[in-house]
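The values are calculated or read from the model by the stated rules, or taken from the named source; none is laboratory data. None of the values given here were measured: they were computed from a predicted structure. Note that we place each Cβ from the backbone using ideal geometry, even for glycine, and neighbour counts take in every protein chain shown.
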Amino acid sequence: MRDRVTMATMTDLQGKVAVVTGGAGGIGRAMGRRFGREGMKVVLADVLAGPLDEATRALADEGLDAVGVLTDVTDYSSVESLAKEALDRFGAVHVVCNNAGTGGVSEGYMWEHDLADWRWGIDVNVLGVIHGIKAFVPILLERGEGHVVNTCSGNGGFAPIARGAMGGPATAVYPMTKAAVLCLTESLYTHLEMTGTRVRAHVLFPGGFLNTGIWESWRHRPERYAATQQRRTPDQTLEKVVARFESGGARVEFTPLETVADLVVDGIRADRFWMMGPPTPADEVVSSKAASILARREPNYLVDVLGRHAENARETEGGKP
Ligand SMILES: NC(=O)c1ccc[n+]([C@@H]2O[C@H](COP(=O)([O-])OP(=O)(O)OC[C@H]3O[C@@H](n4cnc5c(N)ncnc54)[C@H](O)[C@@H]3O)[C@@H](O)[C@H]2O)c1
């Protein structure tokens, strides 16, 4: 591969423009605030009008330059409109965070998952990122610089969590979509490199235990993806997840969302593809997976949400034994 174009790093964020999808809540909102505090102009995009207004107002109340644009990332024309509104409002785009996401709502084994769950997860978590790339990368390329940050997850980005927070089989939808996010961000990185541009691709692994809406995505399930199967088990709540962790002997401590936002800003400045915190024991799944592939061994590296081997301890919650 030819030499990398140097001086790609955007160290001075002052006055630059950031667009964050899923910006009404959790990680997206934290990134938006951090960008604003760096002196950037911020476009928060989200499908939830009320939380989006509230998040945008909170930034404005802090004296930050922010605008909210109602956007559905599953709809390409909506993402195109977002790009147009960002340009109309601020005249440029420098950083795009494809962060909107929906969590695992499926129950049971994967062959029992509702097809509507698959469609919803794929449309938001995968197509949503593809839409962001298609709408924004040409704008960044035209400027000759910029950063695309795609939010991934160790759950899928490394390997799927096999057993879920509620004890039964974990959703297969969510990790599949996050594996796709990693793969397409790697492709994006390579394609950008081939063009010789200074536009950069990054993949964000938020890490830690985060107090966000993703645990209860079912609360905002769009009509278009309405469930077609009767649920057998109660919907997951963060409260129940915490209780389960604690009963499993885990100490529950939420990682501040500001820490995730720091990873992003530091990663942009350092031009870091892998936006990750310091190594943790959970990273070991990467080396054990690589070892399994290289040795053509069984994929016995899969763990449950507490990091224990998924094949141990038969449980019946959330699915038949
Ligand atoms: N919370 C975690 O532990 C964790 C860990 C790893 C990765 N992530 C990822 O981080 C990202 C942000 O999630 P979060 O944890 O902040 O959860 P969150 O639910 O608080 O935020 C996700 C946001 O995306 C928005 N959204 C959903 N569908 C959308 C659509 N069609 N169009 C536009 N916006 C839409 C939601 O309304 C919400 O505001 C997601 O991609 C998630 O998969 C989260």
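For this structure, a couple of remarks:
- Of all the residues in the range 16-42, those that are in a strand (DSSP E or B) and either within 6 Å of the ligand (Cβ to nearest atom) or more than 20 Å from Leu127 (Cα to Cα) (or both) number 5.
- Lone qualifier among Glu186, Glu193, Glu223, Glu216 - being of a type in the set (D, E, K, R), within 18 Å of the chain's Cα centre (by Cα), more than 10 Å from the ligand (Cβ to nearest atom) and over 22 Å from Leu302 (Cα atoms): Glu186
- Scanning the range 196-211 for residues that are in a loop (DSSP other than H, G, I, E, B) and away from the ligand (no atom under 14 Å from the Cβ) turns up Gly196, Thr197.
- All positions within the range 94-107 that are modelled with pLDDT of 95 or more and either more than 16 Å from the ligand (Cβ to nearest atom) or β-branched (Val, Ile, Thr) (or both): His94, Val95, Val96, Thr102
- Entry remark, the range 33-50: residues being closer than 16 Å to Gly213 by Cα and within 18 Å of the chain's Cα centre (by Cα) number 4 in total.
- Residues being in a helix (DSSP H, G or I), of a type in the set (Lys, Arg) and under 26 Å from Ser106 (Cα atoms) - total across the range 221-276: 3
- The set of residues in the range 133-174 being surrounded by 18 or more Cβ atoms within 10 Å (Cβ to Cβ), assigned to a helix (DSSP H, G or I) and in contact (Cβ under 8 Å) with a residue 40 or more places away in the chain consists of Ile133, Ala135, Phe136, Val137, Ile139, Leu140, Gly154, Gly157, Val173, Tyr174.
- Considering each residue of the range 187-207 in turn, at least one proves to be modelled with pLDDT under 95, in contact with a helix residue (DSSP H, G or I) (Cβ under 9 Å, 6 or more places away or on another chain) and crowded, with 18+ Cβ neighbours inside 10 Å.
- Any hit, the range 73-80, residues being charged (D, E, K, R), assigned to a loop (DSSP other than H, G, I, E, B) and near the ligand (Cβ under 9 Å from one of its atoms): yes
Table: residues versus (1) crowded, with 24+ Cβ neighbours inside 10 Å; (2) hydrophobic (A, V, I, L, M, F, W, C); (3) out of contact with any Asp or Glu (no Cβ under 7 Å at 6 or more places or on another chain); (4) in a helix (DSSP H, G or I).
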position: Leu82; (1), (2), (3), (4): yes, yes, yes, yes
position: Asp88; (1), (2), (3), (4): no, no, yes, yes
position: Cys97; (1), (2), (3), (4): yes, yes, yes, no
position: Val105; (1), (2), (3), (4): yes, yes, no, no
position: Arg119; (1), (2), (3), (4): no, no, yes, yes
position: Leu127; (1), (2), (3), (4): no, yes, yes, yes
position: Ile130; (1), (2), (3), (4): no, yes, yes, yes
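- Look at the range 209-220: where a residue is closer than 20 Å to Glu107 by Cα and a partner is within 6 Å of the ligand (Cβ to nearest atom) and part of a helix (DSSP H, G or I), sitting 6+ places away or on another chain with Cβ atoms under 7 Å, you get Gly213/Gly26; Ile214/Gly26.
- Yes/no for Arg119 being within 14 Å of the ligand (Cβ to nearest atom) and in contact with a helix residue (DSSP H, G or I) (Cβ under 8 Å, 6 or more places away or on another chain): yes
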